[in-house]
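The values are calculated or read from the model by the stated rules, or taken from the named source; none is laboratory data. Just so you know, these numbers come straight off a predicted model, no measurement behind them. Every residue, glycine among them, receives a Cβ derived from its backbone with ideal geometry; neighbour counts consider all protein chains shown.
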Ligand SMILES: Cc1cc2nc3c(=O)[nH]c(=O)nc-3n(C[C@H](O)[C@H](O)[C@H](O)COP(=O)(O)OP(=O)(O)OC[C@H]3O[C@@H](n4cnc5c(N)ncnc54)[C@H](O)[C@@H]3O)c2cc1C
């Protein structure tokens with residue numbers, strides 16, 4: 001896709017390049033795994049059936065469980081978060097069509113149950129008028145909608161919450177995984193899907209830690225019903241993008257809090273990539289309204305009012321009016337710091353690391369979920385096709401390391417450009 005110079009009030013800059021799914025193959029269209037009709041039969045038939053423990057029950061862990069079950073293995077997911085507390089992450093995800101197709105083919109959810117879409121992309125100027133319009137669809141969903149559907153598909157008892165993995169011991173025929181409550185579980189394979197702060201990854205690759213990019217995602221959602229009366233068509237069918245000096249703002253609709261897809265019942269999701277210098281400025285942003293200094297993110301409801309007001313004032317100076325309005329109307333914005341992370345090794349005997357635990361891909365390619373899903377599906381496929389587990393893991397590692405580095409590099413390049421750090 002060619003770069004275009006974007007017309008905004010400042011030095012010429014390059015506009016958004018579209019998300020990776022327009023131009024690359026993060027997810028393969030078809031994976032060589034048993035068809036869904038064969039699934040239960042396969043589970044009973046597989047000779048080399050593995051007992052698999054998955055540590056981390058978000059996107060990577062759930063896709064790993066789904067795909068490995070599909071290939072006939074016994075999988076249990078252990079998630080440290082207590083039951084009922086996963087909802088606070090419910091913000092938007094731009095969804096790759098291949099991921100939606102996979103979920104539909106598995107009978108987990110139809111496209112229109114899991115994703116909504118915009119019909120066009122508007123690149124705005126500071127007055128809020130589109131200076132460039134692209135006429136393609138972008139499919140969007142939310143973390144909680146994908147989470148709910150994947151989780152509901154797992155058999156009773158195979159998704160265990162409030163279970164923090166604390167260690168792993170390797171032995172000749174597998175691993176012993178330990179949990180904070182003292183339980184120990186034997187398995188043939190441990191899949192580490194613990195996200196970018198993974199303690200297990202730190203244990204195996206202590207020299208690689210996430211590096212702060214210099215900016216955060218300051219974000220929020222508003223019920224579409226609150227937005228429509230003010231801006232009847234501005235946000236519902238359009239993926240909006242605005243580049244100010246050193247920051248980027250975008251909006252798109254996502255399903256409602258309980259997966260609602262009807263217009264008026266959805267949420268408008270917005271993300272503002274904005275620089276905060278490491279040290280005083282970042283610490284001040286992340287110092288929460290309960291008096292705790294947080295380090296990587298600030299969940300909804302914990303932002304100090306002074307911080308919110310300061311950001312509204314900046315929005316008034318640099319954002320188009322409709323975007324400033326979104327920032328002002330959002331009572332509980334939240335913050336996620338943006339990092340870079342890539343590790344050169346994913347397999348450590350009978351332990352493998354995938355998703356964000358291995359690669360933090362800055363969100364500008366909207367590839368994080370598809371990448372975690374691709375890692376998981378490729379893993380199941382490699383094990384399904386190889387003669388033994390060691391061969392499968394070695395092949396999987398080679399391919400996924402190559403893809404991970406490629407995505408991290410491209411996302412970093414885009415992010416630095418959008419936030420003026422050329
Ligand atoms: C601002 C922003 C915007 C984004 N936008 C998009 C987008 O548009 N499209 C997209 O595809 N992706 C997007 N992403 C990325 C996407 O959210 C992640 O890539 C994806 O969630 C990664 O999934 P994961 O399962 O690897 O890790 P995570 O989602 O981080 O999950 C890790 C899980 O492991 C659990 N865990 C951690 N340690 C332990 C332990 N010791 N024991 C048990 N459990 C543990 C955690 O509680 C958590 O549930 C975005 C990310 C950000 C920050």
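Candidates 198, 213, 247, 236: the one that is within 16 Å of residue 311 (Cα to Cα), touching a helix residue (DSSP H, G or I) at 6+ places or on another chain (Cβ under 9 Å), in contact (Cβ under 8 Å) with a residue 12 or more places away in the chain and buried (at least 19 other Cβ atoms within 10 Å of the Cβ) is 247. Examine region 75-87 for a residue that is within 13 Å of the ligand (Cβ to nearest atom), in a loop (DSSP other than H, G, I, E, B), touching a strand residue (DSSP E or B) at 6+ places or on another chain (Cβ under 6 Å) and closer than 16 Å to residue 152 by Cβ, and state whether such a residue exists. Yes: region 75-87 contains one or more residues that are within 13 Å of the ligand (Cβ to nearest atom), in a loop (DSSP other than H, G, I, E, B), touching a strand residue (DSSP E or B) at 6+ places or on another chain (Cβ under 6 Å) and closer than 16 Å to residue 152 by Cβ.
Among the residues making up region 168-180, those that are over 12 Å from residue 78 (Cα atoms) and touching a residue at least 12 places away in the same chain (Cβ under 8 Å) are 168, 170, 173, 174, 175.
Here is a yes/no grid of residues against (1) in a loop (DSSP other than H, G, I, E, B); (2) within 16 Å of the ligand (Cβ to nearest atom):
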| residue | (1), (2) |
| --- | --- |
| 57 | yes, yes |
| 62 | no, yes |
| 65 | no, yes |
| 68 | no, yes |
| 99 | no, yes |
| 104 | no, no |
| 107 | yes, no |
| 122 | no, no |
| 126 | yes, no |
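None of 389, 302, 326 is assigned by TED's automatic domain parsing to the domain that holds residue 175 and farther than 25 Å from residue 412 by Cβ except 389. Among the residues making up region 202-230, those that are away from the ligand (no atom under 13 Å from the Cβ) and within 20 Å of residue 142 (Cβ to Cβ) are 222, 223, 224, 225, 226, 227, 228.
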